[in-house]
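The values are calculated or read from the model by the stated rules, or taken from the named source; none is laboratory data. Bear in mind that the values here come from a model prediction, so they are computed numbers and not experimental data. Every residue, glycine as well, gets a Cβ built from its backbone with ideal geometry; the counts of neighbours run over all protein chains shown. Heads up: the accessible areas ignore ligands, DNA and RNA and are worked out on the full protein's heavy atoms, side chains in. Shrake-Rupley method; radii C 1.70, N 1.55, O 1.52, S 1.80 Å.
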Amino acid sequence: MISAVVFDMDGVLIDTEPVWEEVRRDYVARAGGRWLPETQSRLMGMSTGEWSRYLDDDLGVGRGADRVAQEVIDRMAERYRADLPLIPGAVAAVRRLAARFPLALASSSPRQLIDQVLASAGITDAFQVSVSTEECRAGKPDPEVYEVSARGLGMPTDRCLAVEDSSNGLRSAANAGMVVVAVPHRDYPPAEDALARAALVIDDLAELTVDRVLSLGSAGPTAG
């Protein structure tokens, strides 16, 4: 039986993938670097340390990874303060499931942005645990962020349901042994092999009801 739910943040609760791409693409261009065709898909799921090194080394920013990370994060925080792009139904879905299950957040965003988003959305209290991949050894698709989230809730991973949108996020949750629900982003659809790891694919968070979650308890772990 599903006993806990773990949400991703970017692309599930807030529509920030376009903002991340715009901010990082502009940052790379202003620094004289080069944005590659596969850059955005590679960045999705990377931890702060991973994407800042990628921008600095592979894309030619050349300012030092720590500086790159802080400058990009500061620009993202400024954008969030101006307009937090909450996905319709996100807060309602969190509140609905929090009334029945303990919740955790497993995000590739840095801690600074996680805390800002949860506070601005008024849902900090809904989550018993929140984990950033910058607090883990590796980002998604490595399963660690989901494994740490489950431990924080005191649950085995196979009793947790994860809600994800990206290829690397889906792989991360499935590799942790969680039952996975996919909510694909229309502009950044996950790869077919990643989507195949999901026990359920939905178009809208309104479909994520308590009864629907409980019905997936028999789906079993999706690790492969």
Pull out all pairs, ordered by first then second residue, where Cβ-Cβ is under 6 Å, the residues are six or more apart or on different chains, the first lies in the range 30-41 and is within 17 Å of Arg53 (Cβ to Cβ), and the second is modelled with pLDDT under 95. Gln40/Glu21
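For every residue, the table says whether it meets (1) more than 15 Å from the chain's Cα centre (by Cα); (2) surrounded by fewer than 20 Cβ atoms within 10 Å (Cβ to Cβ).
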| residue | (1), (2) |
| --- | --- |
| Ser149 | no, no |
| Leu153 | yes, no |
| Asp158 | yes, yes |
| Ala162 | no, no |
| Asp165 | no, no |
| Gly169 | no, no |
| Val179 | yes, no |
| Pro184 | no, no |
Applying the selection to the range 115-140, what residues are in a loop (DSSP other than H, G, I, E, B) and among the charged types (D, E, K, R)? Arg137, Lys140
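Do we find that Ala206 is in contact (Cβ under 8 Å) with a residue 40 or more places away in the chain and either more than 20 Å from Thr16 (Cα to Cα) or surrounded by fewer than 24 Cβ atoms within 10 Å (Cβ to Cβ) (or both) in this structure? Quick ask: steps written out before the conclusion?
On the way: in contact (Cβ under 8 Å) with a residue 40 or more places away in the chain: yes; either more than 20 Å from Thr16 (Cα to Cα) or surrounded by fewer than 24 Cβ atoms within 10 Å (Cβ to Cβ) (or both): yes.
Yes: the conditions hold for Ala206.
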The lone condition Ala92 fails out of (1) open to solvent by 10 Å² or more (accessible area, probe 1.4 Å); (2) under 29 Å from Arg212 (Cβ atoms); (3) part of a loop (DSSP other than H, G, I, E, B) is (3)
Out of the residues in the range 1-35 that are closer than 22 Å to Ala106 by Cα and either of a type in the set (Lys, Arg) or part of a strand (DSSP E or B) (or both), which is modelled with the lowest pLDDT? Asp10
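Only one of Val68, Val61 is outside any loop (DSSP other than H, G, I, E, B) and aliphatic (A, V, I, L, M). Can you tell me which?
Details: Val61 fails: outside any loop (DSSP other than H, G, I, E, B).
Of Val68, Val61, the one residue that is outside any loop (DSSP other than H, G, I, E, B) and aliphatic (A, V, I, L, M) is Val68.
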The range 181-193 residues that are within 24 Å of Ser215 (Cβ to Cβ), paired with ones that are open to solvent by 40 Å² or more (accessible area, probe 1.4 Å) (beta carbon under 6 Å, 6 or more apart): Ala182/Leu195; Ala182/Val201; Pro190/Pro184
Please specify each residue of the range 117-126 satisfying the condition of being of a type outside the set (Gly, Ala, Ser), out of contact with any helix residue (DSSP H, G or I) (no Cβ under 6 Å at 6 or more places or on another chain) and surrounded by fewer than 23 Cβ atoms within 10 Å (Cβ to Cβ). Asp125
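For the range 172-212: of the residues being among the basic types (Lys, Arg) and within 16 Å of Met44 (Cβ to Cβ), which is modelled with the lowest pLDDT?
Once the filter is applied, the top-ranked residue is Arg186.
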Say whether the condition of being touching an Asp or Glu at 6+ places or on another chain (Cβ under 7 Å), surrounded by fewer than 16 Cβ atoms within 10 Å (Cβ to Cβ) and modelled with pLDDT of 90 or more is met by at least one residue in the range 48-62. yes
All positions within the range 17-42 that are under 21 Å from Val180 (Cα atoms) and in contact with an Asp or Glu (Cβ under 8 Å, 6 or more places away or on another chain): Glu17
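Is there a residue in the range 33-45 that is open to solvent by 30 Å² or more (accessible area, probe 1.4 Å), under 21 Å from Asp187 (Cα atoms) and among the hydrophobic types (A, V, I, L, M, F, W, C)? Talk me through it step by step, then tell me what you get.
Pass one, the range 33-45, residues open to solvent by 30 Å² or more (accessible area, probe 1.4 Å): 34-38, 41-42.
Imposing the further condition that a residue be under 21 Å from Asp187 (Cα atoms) reduces the set to 35-38, 41-42.
Subsequent filtering for residues that are among the hydrophobic types (A, V, I, L, M, F, W, C) retains 35-36.
The answer is yes, given that some residue of the range 33-45 is open to solvent by 30 Å² or more (accessible area, probe 1.4 Å), under 21 Å from Asp187 (Cα atoms) and among the hydrophobic types (A, V, I, L, M, F, W, C).
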Every residue from the range 158-180 that is closer than 20 Å to Thr209 by Cα and in a helix (DSSP H, G or I): Asp158, Arg159, Leu170, Ala173
